[in-house]
1. Test residue 64 against the criterion of being in the same structural domain as residue 43 (by TED's automatic domain parsing), loosely packed, with under 10 Cβ neighbours inside 10 Å and within 30 Å of residue 23 (Cβ to Cβ), and give yes or no.
2. Report whether or not residue 99 is modelled with pLDDT of 85 or more and assigned by TED's automatic domain parsing to the domain that holds residue 131.
3. Is it true that residue 261 is at pLDDT 85 or above, closer than 29 Å to residue 168 by Cβ, surrounded by fewer than 19 Cβ atoms within 10 Å (Cβ to Cβ) and over 22 Å from the mean Cα position of the chain (by Cα)?
4. Contact list please: Cβ distance under 7 Å, first residue in the stretch 147-166 and within 10 Å of residue 123 (Cα to Cα), second residue of a type outside the set (A, V, I, L, M, F, W, C) and at pLDDT below 85, pairs at least six apart or on different chains.
5. For residue 235, only one of the following conditions fails: (1) surrounded by 13 or more Cβ atoms within 10 Å (Cβ to Cβ); (2) modelled with pLDDT under 85. What is its number?
Amino acid sequence: MRRAATAPANGSATCVEVAKVDGKPLLMRPSADRLAGRSGSGTAWEGCDQLPLAAGDHRIEPSDGFTLDSLNLADQRSGTAVGTPPTVRIEQDDSSAKRIRVTRATGPYAVLAGTSIDPRWRATLEDGTDLGAPVLVDGFSAGWIVPDGKPHTIELRFTPQRWSNVALGVSAGVVLVAIALTLMVWPRRPKPRPEGGDDPADRDAAPTPGVVTVRTGSHRAPPDPRPAVQRTRHSCQSWRAWPRPAKEVALVALATFAVGAAGFVASLLAVLLLRRGVRPARLLLAGAVVVGLSMVVYLLGLGDALGEVSAEAVAHSLWPHYLAGGGLVLALVGALRLGSPPRPRTAPVHPPADVSTPRSADA
């Protein structure tokens, strides 16, 4: 301890307040004849009286004119015998889940998670008994006190990880659905048909007795009036028969579920643009531009001059994430619509003209 002024050299210095512990004065006196100045290495001091302290954290504030280099507090009560610690075997040691098997001990023991204190950690015994919220052990770690000292199998779990696993499963399902939708609308090349001549199946078929077969030119089946792309997709794309409003509602619901508010806004915008006749290629281009804009906002809007972005800046502004999510929805909708055939336009139907046919005269 160091003090700016010197004490009397008679060694009978009175007790003075050198600090406050939880707002109460800590009285001490120097053990040496002279006190060290500001540039000295410090002087040893001793306490004047006992200072009752309860278990837990305490706040120590040096008094004016004193600098505490160190403060040693010793327990004046008689010590208690320390029991035999249990043997611990770790059966599972993941970042968010741990399983520990503990043998019998001669008294209560503490179980440590080995991570910083966090009330979201939970510990349960093999019979489902909850040990409650963790307490601070060894100054940093989350721990639990087992008072009975019996052998137990204790499971430690970080509770938010359960919902994180659910979110990961939902995200994987959304990715699979997106892949399935992409494969369903992927363009397929129509199967070529034989050009000219008879059908090989007709030529190889044996004639039936009593049946006269008349061949006049080619025996190919009449052409299908539907477009070739529509014919090849009709068997695997029955979902195209859905009404257009139903498909639009499904798009908005899926985008909102996968991306959130940004997906909801972007999907509604895509539906409106497609209804107004905007080509899917332009929708795809607009989505790519919005995604690129999100990168610019992320680096220039949240970062510094060197382009470094802090975690606090990301937590306070989610606009880059909104832009990226909305742009991704626009781009995906445009890409999926690129493979769709154009809607046929119905030509106006005119009534046939009245044509009179002259009657033939009798010869």
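1. So residue 64 fits the description; yes.
2. Numbers: modelled with pLDDT of 85 or more: yes; assigned by TED's automatic domain parsing to the domain that holds residue 131: yes.
Spelling it out, residue 99 is indeed modelled with pLDDT of 85 or more and assigned by TED's automatic domain parsing to the domain that holds residue 131.
3. It is false that residue 261 is at pLDDT 85 or above, closer than 29 Å to residue 168 by Cβ, surrounded by fewer than 19 Cβ atoms within 10 Å (Cβ to Cβ) and over 22 Å from the mean Cα position of the chain (by Cα).
4. Sorted first by the residue in the stretch 147-166, then by its partner, the pairs are 157/96; 158/96.
5. (1)
The values are calculated or read from the model by the stated rules, or taken from the named source; none is laboratory data. Source: prediction; values computed, not measured. Every residue, glycine as well, gets a Cβ built from its backbone with ideal geometry; the counts of neighbours run over all protein chains shown.
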